[in-house]
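Chemist: Can you read through this structure? Questions will come right after.
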């Protein structure tokens, strides 16, 4: 049974459950199919064990004494997406803390008749997600949940944090404004008493977290989008934005052009098959690592500060690999 037919059967099941009964014409109109298709799908539901009843006097179909889908009015497409996404994400262990969504998906599956549930599961097993490398955040579930609770109650927390900028464990009181999962890990964004400004903290480096009991007011003017600005990913720099221009060789040009790397990006193809990539970026540190990932297939045209930064790091790499090979352990 293909995805299209499964979604159609789920829609018919929901239509039957939603009302006091409809005739074949009403079911066909509600599901957007022909009467002939409705009759065929009704028979499929009966075969799957759904108690569909036809009233000769009224000419209407209805369900008898059973409720198969929860009263949340999921569309068939939503049900398929929820179950498929949660099963695949759970199997891949990404992103972190999807247990509540997985429970919801299992409840949705359990509410279906046996045969229909099995067919539905067969389809989800043919759809696969392959996540990028991510931080498993081992033993950080309680930190995540405490931050969710603190955010909801508008209460500050005290954290011990292994900072990679201060190169030491810092201690600060945090007003958690937002939680963000970005590519590989969870982050909390909020005002830090130590830094006296809004900062971003990686949950994996929070060594301990203690609720303080103190409340805070979230500024009405704060928004995550405004805070991040045109940062390449998570770290916006102060000062004016930079107009980044990187030229990619034909070997990787199509790979670069296929992906939306940044909300401001613009790509221009050159006659020789090379690609000119343009973006307006707040801060150059993060984008420099992206450029370096393409090795000699990428050249920074501008700004000069980014070109100098990439060149310096490339020179440092030459120095590392120019040294004698270290002995094997």
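The values are calculated or read from the model by the stated rules, or taken from the named source; none is laboratory data. What you are looking at is a predicted structure, and each value in this text was computed from that prediction instead of being measured. A quick note on method: Cβ atoms are made from the backbone with ideal geometry, for glycine too, and the neighbour counts reach across all protein chains shown.
Chemist: Of all residues in segment 248-272 being touching a helix residue (DSSP H, G or I) at 6+ places or on another chain (Cβ under 6 Å) and closer than 13 Å to residue 298 by Cα, which is surrounded by the most Cβ atoms within 10 Å (Cβ to Cβ)?
Modeler: Looking at the filtered set, the residue picked out is 248.
Chemist: Among the candidates 234, 203, which residue alone is at pLDDT below 90 and surrounded by 14 or more Cβ atoms within 10 Å (Cβ to Cβ)?
Modeler: 234
Chemist: Another question about this same structure. Given the conditions (1) in contact (Cβ under 8 Å) with a residue 60 or more places away in the chain; (2) over 17 Å from residue 288 (Cβ atoms), report the number of the one that residue 267 does not fulfil.
Modeler: (1)
Chemist: What is the number of the single condition among (1) within 29 Å of residue 197 (Cβ to Cβ); (2) surrounded by fewer than 16 Cβ atoms within 10 Å (Cβ to Cβ); (3) under 27 Å from the mean Cα position of the chain (by Cα) that residue 279 does not meet?
Modeler: Only one criterion in (1) within 29 Å of residue 197 (Cβ to Cβ); (2) surrounded by fewer than 16 Cβ atoms within 10 Å (Cβ to Cβ); (3) under 27 Å from the mean Cα position of the chain (by Cα) is unmet by residue 279, namely (2).
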